[in-house]
Amino acid sequence: MKTQFTLNVSSRAQTGRSASRRLRKVNRIPAILYGKHADPEKLSVEVPEFIRLLKAVGGRAVLIELQQAEKTDKALSFLQEVQRDPITDRYLHVDFHEVKADEKFEIRVAIRITGESFGVKNQSGVLETPTQQVRIRCLPKDLPAVIEVDVTELKVGDTFHISELKAVAGVEFLDNPNQPVVSCVEPVEEEVAAVEAAATPAAGDAAAAPAAGAAPAAGDAKAAAPAAGDAKAAAGKPGAAPAGKGDAKAAAPAAGGKPAAPAKK
């Protein structure tokens with residue numbers, strides 16, 4: 001049997017949000033234990049003891065014996081889910097999944113990367129791990145704490161798949177065999193820099209060709225349009241057309257008016 005941990009729990013009769021809030025106020029976490037062979041059992045656990053358990057587990061897949069003061073038998077289980085408040089980070093609820101020593105069960109086990117990739121060491125590559133956990137089926141006695149993946153031979157452009165995982169005695173991998181686990185790729189920064197360099201025009205080209213529809217510079221606008229003073233000066237020169245209202249009256253008699261009498265000799 002693999003290493004097991006023991007956690008003291010207590011049964012709880014009340015359910016609902018109000019009951020759960022009251023439990024949290026006294027520093028306890030609402031919990032539930034469920035499995036194939038029994039109805040779900042409502043429990044609670046002390047916060048400090050649960051935190052100590054999580055630190056000891058350290059993200060590994062382990063079996064936990066739940067000990068109740070009112071019962072002599074211990075329930076064998078594993079952590080199915082831990083809910084936390086996204087703002088306060090307080091523990092809200094814990095789900096335990098009961099297992100039997102003689103029955104296979106399904107569980108997710110974390111991936112652990114070992115070795116130094118050839119691509120990272122010699123080709124400036126970067127490791128990507130799209131799969132953080134793998135789903136397996138096994139007996140409690142065969143439960144591995146983690147699934148190790150040796151990436152020593154991984155070069156830039158290579159990908160390690162589920163089908164290439166090292167066999168573990170008594171363990172069946174349930175994920176798609178073609179699912180990628182870890183890849184060695186080129187640095188993202190270099191790819192972005194290459195794209196930006198190709199899209200940016202040279203400085204000389206940008207200066208020589210102004211954008212279509214751009215307005216002329218301020219100096220050009222002044223040269224194209226004469227100043228107001230020049231317009232006035234042009235109006236006063238000989239031969240210039242009169243522009244005032246009085247000049248218009250002198251040049252053309254009013255409609256219907258008599259022509260001026262000729263001067264007497």
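Quick look at the numbers
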quantity: Tally, over segment 144-193, of residues that are in contact with a helix residue (DSSP H, G or I) (Cβ under 9 Å, 6 or more places away or on another chain) and in a helix (DSSP H, G or I); calculated: 0
quantity: Residue within segment 37-50 that is under 25 Å from Val146 (Cβ atoms) and touching a Lys or Arg at 6+ places or on another chain (Cβ under 7 Å) present; calculated: yes
quantity: Conditions (1) within 27 Å of Asp142 (Cβ to Cβ); (2) not in a strand (DSSP E or B): number failed by Thr88; calculated: (1)
quantity: Subset tally (residues that are surrounded by fewer than 17 Cβ atoms within 10 Å (Cβ to Cβ) and part of a loop (DSSP other than H, G, I, E, B)) for segment 57-85; calculated: 10
quantity: Criterion violated by Lys36 - all others in (1) out of contact with any Asp or Glu (no Cβ under 7 Å at 6 or more places or on another chain); (2) surrounded by 12 or more Cβ atoms within 10 Å (Cβ to Cβ); (3) under 19 Å from Gln80 (Cβ atoms) satisfied; calculated: (2)
quantity: Contacts under 8 angstrom Cβ, first residue in segment 139-163 being surrounded by fewer than 16 Cβ atoms within 10 Å (Cβ to Cβ), partner among the charged types (D, E, K, R), 6 or more apart; calculated: Lys141/Lys2; Glu148/Arg112; Glu148/Lys166; Asp150/Lys166; Thr152/Glu116
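Read the figures in this text as sums done on the coordinates, not as results from a lab. Worth saying up front: this structure is predicted, and the values here are computed from it rather than measured. FYI the Cβ positions are ideal-geometry reconstructions off the backbone, even for glycines, and counts take in every protein chain you see.
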